[in-house]
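Worksheet: one structure, shown below.
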Amino acid sequence: MSVNERFQTIIDVLFGGNKRAFAIHVGISPTVVENVVGKRQGKPSFDLLVKVCSNANISAEWLLLGNGERFKDMVELRKMPMSFHSNPKRYIEEGKVEIIDDEPSQVSSQSDSTVNQELFLRLLKEKDDEIGNNREEIGRLKAELAETKKHAERLAALANTDSTAHVG
């Protein structure tokens, strides 16, 4: 099952197939949802993944990799609402401020949360690397396109010169 199919599963199971309700609940535009689960099947951004995991009580490991349980521990109550930070390390530090009782289930939830946070950081780094590689590729392709345009212009100019040389 692809990440796009897992998104559709979330929409079907939690929101009765209503993409708009899902978008509003997660805090994104319906167009973004359509781009991920519609015909386009675009890959979701890191920001979107964070919002879905935090606002729809979805396990990051399940959403990203298809492993483990779909939902986070339903007993765990959030003490702090999760929001996307441009600085993930700061977010993790803020997450550690949560008040934790002495119950073992919450301690295991804490370690699960740490695993999810580490997974997010690893995936964020991979995304950053991928973005850097894509930027380099885009730069190379732009240069190649500019060269191709120049070559096409030279050929067009040559064709015009040849056609006027044979006239008369």
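The values are calculated or read from the model by the stated rules, or taken from the named source; none is laboratory data. Just so we're clear, the structure is a prediction, and the values are computed from it rather than from any experiment. So basically every Cβ, Gly included, is an ideal-geometry build from the backbone, and we count neighbours across all protein chains shown.
Residues that are touching a helix residue (DSSP H, G or I) at 6+ places or on another chain (Cβ under 9 Å) and of a type in the set (G, A, S) were ranked within the stretch 16-39; the one that is nearest to R122 (Cα to Cα) is G27.
Of all the residues in the stretch 131-168, those that are at pLDDT below 85 and of a type in the set (D, E, K, R) number 1.
Here is a yes/no grid of residues against (1) under 21 Å from L123 (Cα atoms); (2) outside any helix (DSSP H, G or I); (3) touching a Leu at 6+ places or on another chain (Cβ under 8 Å):
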position: M1; (1), (2), (3): yes, yes, no
position: R6; (1), (2), (3): yes, no, yes
position: Q41; (1), (2), (3): yes, yes, no
position: D47; (1), (2), (3): yes, no, no
position: W62; (1), (2), (3): yes, no, no
